[in-house]
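K.L.:
Sharing a structure with you now.
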Amino acid sequence: MIDFSLSEEQKRLLEKARKFATEEIKPVAIEFDSEGTYPEEILKKAHKLGLMYTNIPKEYGGSGFSYLEHYIITEALNYECPSIAQMMGISHLSMAPIQIGGSEEQKKKFIGTMTKSYRSGCFCLTEPEAGSDAALMQTVAEKKGDGYVINGTKRFITNGKYADLLCLFATIDRSLGTKGICCFAIPRSTPGIEVVKVEDKMGHRALNVAELKFTDVELSAENLIGEEGQGFKLAMMALDRGRVNIAAVCTGIAQKALDEAVEWANTRVQFGQPIGQFQGVHFMLADMNALVVASRAMYLQGGWMLDQDIRCSTEAALAKCFASDAAMKVTTDAVQILAGSGYMKGAIVEKLMRDAKLTQIYEGTNQINRLVAGRGILRKPSVLF
Ligand code: CAA
């Protein structure tokens, strides 16, 4: 039987996330965007309520929800402000390689510490010369006895300034390409980690993004996640999960923009009637709503596949680029419907349109995601049944 309804427990969960977003995120969304404020107090409250590490199993201190439930919560939180809510998303992404490839001991140690009291993480993959071509990385992990010494620079690192645990990718031998890349879990307190720059951005302004320099950072073998040379695969598998997450983020952004446009269309009177009575506006709203519904279906499919332990690289890439292009179109059209009132600073749709732009860029540009999807489709096109 195919059933779209939520269980009573899932409904309560969604209500809790919506309530949190309305009460804690909505009132400060515009202010935090304009000031670029780091939302630490909000993150701490989310952690306390079990809304931060929703997909981490209970045995490691998380809330133990399925991927499907985790992404539904993600949409609800991002509805009120993606840059505040994505500070939770990035901590999930940085835990994913440990969840997938870490030993039982590492999961208890690294993930357990993150969930016990409020802690956040970051995912250190991108470098100045290695963005889309992640395998080109120059950050090295030189072997020293049983351990490693890390040297290099990581750029555009979300939560780079504040993260308590860094999930870092470095190569032990550049000539090995992807097979030389290793994944490390690094506590912030490890000597040799320096924040060299904090970025100023067009949108997602409450999202901290920094450049980090690693100088002679000494690690022991227990910081290595998985085996030597397994790091690239762990990064890609984490990004499969992250890209479904971005599709849920985008659905939240687009749903909010649509709701704002609908409210305006019902209340703004021109030529003697609400502008929503004009066919030109009907057509825009119809296309916007179709994009929102389709984006939601795509992230739900990705979440369902992850819960069944089915690889979803193609579906995640398709969902990420479809939903982010959809969010860009829907927010742009929402500004068009609100016109002058939507274009001005302080209007939520103006902020959402700037926020949406990043979703076409991060966690793999949409061009890279189409490439990932294209390669996957050549092996086997994505079909639901
Ligand atoms: N799951 C499992 N294995 C995977 C995989 C996946 N999803 N994707 C690739 N692999 C495996 C491949 O099977 C291959 O294994 P074998 O060598 O054993 O066959 C190996 O990994 C190498 O894969 P590719 O040959 O496909 O590697 P590539 O060099 O051609 O690169 C790429 C592929 C898709 C372009 C990749 O570099 C990529 O995704 N680039 C974009 C990086 C990105 O998304 N960066 C965003 C950073 S995070 C962020 O933005 C947020 C933040 O705040 C930090």
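The values are calculated or read from the model by the stated rules, or taken from the named source; none is laboratory data. Note that the coordinates shown come from a computational prediction; the quantities given were computed from them, not determined experimentally. Backbone-built Cβ (ideal geometry, glycine too); neighbour counts: all protein chains shown. In case anyone asks, the SASA skips ligands and DNA or RNA and just uses the protein heavy atoms, side chains included. Shrake-Rupley method; radii C 1.70, N 1.55, O 1.52, S 1.80 Å.
K.L.:
In percent, how large is the relative contact order of the chain, given Cα pairs closer than 8 Å and 6 or more residues apart? Walk me through the intermediate numbers first.
P.N.:
On the way: 727 pairs, mean separation 61.6, N = 385.
Worked out over the chain, it gives 16 percent.
K.L.:
Report, to the nearest whole %, how much of the accessible area of the range 277-319 belongs to carbon and sulfur atoms, 1.4 Å probe, protein only.
P.N.:
59 percent
K.L.:
Let me ask another. Expressed as a whole percentage, what fraction of the accessible surface of the range 104-234 belongs to carbon and sulfur atoms when a 1.4 Å probe is rolled over the protein heavy atoms? Kindly include the intermediate steps, with their values, before the conclusion.
P.N.:
Working: 2810 of 5920 Å².
Here carbon and sulfur together make up 48 percent of the probe-accessible area.
K.L.:
Please report the accessible area of Lys213 (heavy atoms, 1.4 Å probe, ligands and nucleic acids excluded) in Å², nearest 10.
P.N.:
Number for this one is 90 Å².
K.L.:
Something else: Would you mind working out the magnitude of the charge dipole of the chain relative to its Cα centre, with +1 at each Lys and Arg C-beta and -1 at each Asp and Glu C-beta, to the nearest 20 Debye?
P.N.:
About 180 debye.
K.L.:
Ok, one more. Report the extension gain between Lys11 and Leu378 in nm, rounded to one decimal, defined as 0.36 nm multiplied by the number of residues separating them, less their alpha carbon distance.
P.N.:
128.3 nm
K.L.:
What figure in square angstrom, to the nearest 10, would you give for the accessible area of Leu384 with a 1.4 Å probe?
P.N.:
So the heavy atoms of Leu384 present about 100 Å² to solvent.
K.L.:
Which net charge results when you count Lys and Arg as +1 and Asp and Glu as -1 among the other residues whose beta-carbon is under 15 Å from that of Asn159?
P.N.:
Spelling it out: positives minus negatives among the neighbours equals +4.
K.L.:
In Å and on Cα atoms, what radius of gyration and Dmax does the range 8-114 show?
P.N.:
14.1, 43
K.L.:
May I ask for the distance between the Cα centers of the range 190-207 and the range 123-150, given as a whole number of Å?
P.N.:
Between the Cα centres of the range 190-207 and the range 123-150 lies a distance of 18 Å.
K.L.:
Straight-line reach only, C-alpha to C-alpha below 21 angstrom: list the lysines that Lys48 could link to, leaving out same-chain residues fewer than 8 apart.
P.N.:
List returned: Lys11, Lys16, Lys19, Lys26, Lys58, Lys107, Lys108, Lys109, Lys116.
K.L.:
Note the full-extension length gain between Gln308 and Thr178 as 0.36 nm times their separation in residues minus their Cα-Cα distance, in nm to one decimal.
P.N.:
44.0 nm
K.L.:
Roughly how many whole Å is it from the C-alpha centroid of the range 245-263 to that of the range 1-73?
P.N.:
Result: 16 Å between the Cα centres.
K.L.:
Could you report the accessible area of Glu35 in Å², rounded to 10, computed with a 1.4 Å probe on the protein chains as they sit in the structure?
P.N.:
130 Å²
K.L.:
Roughly how many Å² is the accessible area per residue of the chain, as a whole number, for a 1.4 Å probe?
P.N.:
For the chain, the per-residue accessible area is 46 Å².
K.L.:
Next up: Please work out the C-alpha center-to-center distance from the range 273-333 to the range 344-368 and express it in whole Å.
P.N.:
Value for the Cα centre distance between the two parts: 14 Å.
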